[in-house]
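Engineer: Below: one structure in structure tokens.
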Amino acid sequence: ATVENSYNGLMLNFKGNFSVEFRAFDDGIAYRFITSKKGDIEILNEQFALNFPENYQLHLQQNDGFKTAYEEYYKHIESTSWKATDKMANLPLLIDTKNQYKILISESDLSDYPALFLKGTGNNGMEGTFPKAPLEFAPDGDRSQKITKSADYIAKTKGSRNFPWRYFVITSDDKQLMENTMTLKLAAKSEITDPSWIKPGQASWEWWNDATPYGPDVNFVSGYNLDTYKYYIDFASKYGVKYIVMDEGWAKSTTDPYTPNPKVDVKELIRYGKTKNVDIILWLTWLTVHNNMDLFKTFKEWGIKGVKIDFMDRSDQWMVNYYENVVKEAAKHQIFVDFHGSFKPAGLEYKYPNLLSYEGVRGLEQMGGCSPDNSIYLP
């Protein structure tokens, strides 16, 4: 498949060694800031503001704060009712002008910079807000850290760089919202010259039913053990499913990615899976990966094809850089990545296409809380 990247562009250069670049596509518009300064710079804030001429309807996912798994319900509110004291919203955000057109707001080429959130102004408008750059952390269990000190800036970064694109998809046809390729057209070029080893596919998953399959063909004690995972491999093979996910429970400890649960025998499952044309994805906490970045080399030696990394729940500059560091290191060893509890796709998946999936919706994990009237708004 091909995507035509055709646009009219305009570059405005200003005193102080910075520029603003605009691009106008058939399906939307975008802009970004560019700086050409020496050394590092601190970004105190970035102004983003929209003021509406009339009362529009907003479809948005609101968050209690910058720490979120992005699994909240979508809300549908009037632009005139969104007060400055209300919850903010993550991107993407959809605007219905009530006059034929809809506008989708998001960003692309997000790198070494925090994600953009939006909040109401109380005056029929919205403005941007960003998490501050974290400076110090404290332990918070096996899968998180508490930010104990933040900077007064949102990013400390290179003085000569391109900043993330802010884009707007404008359409009178709802299906074009799904078909739009703005994130791709504005993303950085791929760093992987030969992506032939990257194999997307469906996966069978044991976590939701606590690794306890049942039925007349379950003639073993189910649980996090060798027989259960072989059963999932057999199921996947029978129905042409390419992978199984081994979620929390495959390792002896969530903090030690090198020592499997002795009841599981990961290496035997890898061997068995290959006889059935089924490969394995291993679940990990983001903190364990951060503390053991050499695990990708080990997993490659074992024969693991992918990892599911969980509980990031942040999108400050540090965490945005974490995403990129992980997929870059995984790519060195031909391992793909699925981020769970993640922020929205914002270009990294094109720079490193071994990033196969961002999971940040109210989906199967909530089951009873996953309803059609919410799912139709999932971007």
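The values are calculated or read from the model by the stated rules, or taken from the named source; none is laboratory data. Just so it is clear, the model here is predicted, and its values are computed rather than measured. Note that each Cβ is placed from the backbone with ideal geometry, even for glycine, and that neighbours are counted across all protein chains shown.
Engineer: Hey, could you check the stretch 273-330 for residues that are in contact with a helix residue (DSSP H, G or I) (Cβ under 6 Å, 6 or more places away or on another chain), among the aliphatic types (A, V, I, L, M) and part of a loop (DSSP other than H, G, I, E, B) and say which is surrounded by the most Cβ atoms within 10 Å (Cβ to Cβ)?
Structural biologist: M312
Engineer: Would you check if L50 is in a strand (DSSP E or B), in contact (Cβ under 8 Å) with a residue 24 or more places away in the chain, more than 22 Å from the chain's Cα centre (by Cα) and crowded, with 17+ Cβ neighbours inside 10 Å?
Structural biologist: yes
Engineer: Among the residues of the stretch 236-256, count how many are surrounded by 17 or more Cβ atoms within 10 Å (Cβ to Cβ) and either out of contact with any Phe, Trp or Tyr (no Cβ under 8 Å at 6 or more places or on another chain) or among the aliphatic types (A, V, I, L, M) (or both).
Structural biologist: Residues in the stretch 236-256 being surrounded by 17 or more Cβ atoms within 10 Å (Cβ to Cβ) and either out of contact with any Phe, Trp or Tyr (no Cβ under 8 Å at 6 or more places or on another chain) or among the aliphatic types (A, V, I, L, M) (or both): 10 in total.
Engineer: Is it fair to say T171 is more than 19 Å from the chain's Cα centre (by Cα), surrounded by 16 or more Cβ atoms within 10 Å (Cβ to Cβ) and not assigned by TED's automatic domain parsing to the domain that holds W286?
Structural biologist: Numbers: more than 19 Å from the chain's Cα centre (by Cα): yes; surrounded by 16 or more Cβ atoms within 10 Å (Cβ to Cβ): yes; not assigned by TED's automatic domain parsing to the domain that holds W286: yes.
Yes, satisfied.
Engineer: So, one more: I'd like the full set of residues that are in contact (Cβ under 8 Å) with a residue 24 or more places away in the chain and either not in a strand (DSSP E or B) or not assigned by TED's automatic domain parsing to the domain that holds K38 (or both), limited to the stretch 18-28.
Structural biologist: F25, D27
Engineer: While we're looking at this one, here's another question. Take the stretch 355-367 and flag every residue that is at pLDDT 95 or above and surrounded by fewer than 23 Cβ atoms within 10 Å (Cβ to Cβ).
Structural biologist: Of everything in the stretch 355-367, those that are at pLDDT 95 or above and surrounded by fewer than 23 Cβ atoms within 10 Å (Cβ to Cβ) turn out to be L356, S357, Y358.
Engineer: Please list, ordered by first then second residue, the pairs with beta carbon atoms under 8 Å, 6 or more apart or interchain, first in the stretch 123-150 and part of a loop (DSSP other than H, G, I, E, B), second surrounded by fewer than 18 Cβ atoms within 10 Å (Cβ to Cβ) and among the aliphatic types (A, V, I, L, M).
Structural biologist: Hits for this filter: K132/A151; A133/A151.
Engineer: Additional query: Hey, could you check the stretch 177-205 for residues that are among the polar types (S, T, N, Q) and outside any loop (DSSP other than H, G, I, E, B) and say which is surrounded by the fewest Cβ atoms within 10 Å (Cβ to Cβ)?
Structural biologist: My answer is S204.
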